[in-house]
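Down below is the structure, laid out as structure tokens.
Please treat every number below as a calculation from the coordinates, not as lab data. Values in this document were obtained by computation on a predicted structure and should not be read as measured data. Cβ sites come from the backbone with ideal geometry, for glycine too, and all protein chains shown count toward neighbours.
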Amino acid sequence: MADPAPWLEPAGTPPPEPAGVVLLAHGGKAHSPAPARRGLAYWRMRPFAHDLERAGRGHVTERGRGVAVYLLRYRVKGWNGAAMDALADVEWALAELARRHPGGPVVLVGHSMGGRAVLRAAGGPGVVAVCGLAPWLDGTDPVGQLAGRGVLIAHGDRERMTDPAASFAYAVRAREVTDRVARFDVLGDGHAMLRRAADWTDLVRRFVLGELGAEPPDPMVTNAMREPAPDGLRVALRGPAVQENR
């Protein structure tokens, strides 16, 4: 049997000359050599992909029209220690996207293990910004590759799978290499991002389209980036779901 290969799945039909490109990376496991499937982690990222594709259709910049959005399917389920398989797949995807859409700006969005992978891959070709959703971080992840990039991190305050304190510490270190870092606490939600799904999606859309120049920079994200730590790195993302739970 042939070794598994990574795969890029487009959301809709990518425009031939897009204003920008978005790559989404789903979660996985710390250790698993099993071939990656379309599991729950994959399906959780599909709404983000389709929302970004729809929102980007009518946007025009000097680079092009619309936004090309792709969801990465890994070769295997796990990060797998020093192999960092998810990172290798994201780097493969960036090279492939540079071939398909040369010269276009790229924003990376990842959840959990995918968040760790995209943050590490932020120095790749064309990357202008990166978004980590409930990223799995352990204090060993580098930040030098974030220099010059916009960075958004969001973590639920009911998180049980990954560590919000680790993502806060990472954001503090990231501000040593770039002044464009914002981090949000999504109140009332956990790792699956389901209780406030619309708010997670809205935050990602506003950040991504602003970083690609398809929309003006979002004031909420921009204000968080301007706030000194810790205020700009512990911004409470409030919304209707929080009010209903009180």
_Zone of Glu215's modelled label, taken as backbone nitrogen in the stretch 100-132 under 17 Å from a point 7 Å along Cα→Cβ_ = 107-109, 129-131
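What's the exposure ranking of Trp136, Trp7, Trp43, going from fewest to most Cβ atoms within 10 Å?
On the way: Trp136 27, Trp7 15, Trp43 11.
Final ranking by Cβ density, sparse to dense: Trp43, Trp7, Trp136.
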*Fewest to most neighbouring Cβ within 10 Å: what's the order for Tyr42, Tyr70?*
Tyr42, Tyr70
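Please work out the FRET efficiency for the pair Arg46 and Glu96, using the Cβ-Cβ distance as r and a Förster radius of 22 Å; give the result to the nearest 0.05. Numbers along the way, then the final one.
On the way: r = 20 Å, r/R0 = 0.90.
E between Arg46 and Glu96, to the nearest 0.05, is 0.65.
Report, as a whole number in µm² per second, the diffusion coefficient that Stokes-Einstein gives for the stretch 46-139 at 4 °C and 1.567 mPa s using the Kirkwood radius over alpha carbon pairs.
The diffusion coefficient I find is 93 µm²/s.
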*Name the residue farthest towards the positive end of the dipole of the stretch 7-245 from the options Gly210, Gly156, Pro35, assuming +1 on Cβ of Lys and Arg, -1 on Cβ of Asp and Glu, about the Cα centre.*
Pro35
*Work out the charge dipole of the stretch 7-245 with +1 on the Cβ of Lys and Arg and -1 on the Cβ of Asp and Glu about the Cα centre, then indicate which of Cys131, Gly81, Leu233 is farthest towards its positive end.*
Gly81
*Classify the stretch 101-218 as rounded, prolate or oblate, taking a ≥ b ≥ c as the square roots of the eigenvalues of its Cα gyration tensor: rounded when a/c is under 1.5, otherwise prolate if a/b is larger than b/c and oblate if not.*
oblate
*the stretch 74-171, dipole about Cα centre (Lys/Arg Cβ +1, Asp/Glu Cβ -1), debye to the nearest 20*: 240
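Using a simple charge model, +1 on the beta-carbon of Lys and Arg, -1 on the beta-carbon of Asp and Glu, nothing else, what dipole does the chain show about its Cα centre, in debye to the nearest 20? Please report the intermediate quantities before stating the final value.
On the way: 31 positive and 27 negative charges, 90 e Å.
Computed about the Cα centre, the dipole is about 440 debye.
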*asked:* What would the Debye equation give as log₁₀ I(q)/I(0) for the chain at q = 0.12 Å⁻¹, counting only Cα atoms as equal point scatterers?
replied: -0.61
*Do the sum for the chain: with -39,500 (n - 2.57) for every DSSP H run of n ≥ 4, divided by all residues, what is the mean residue ellipticity at 222 nm, to the nearest 500 deg cm²/dmol?*
-10500 deg cm²/dmol
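Roughly how many debye, to the nearest 20, is the charge dipole of the stretch 1-64 about its Cα centre, given +1 on each Lys and Arg Cβ, -1 on each Asp and Glu Cβ, and no other charges?
Numbers: 8 positive and 6 negative charges, 64 e Å.
About 300 debye.
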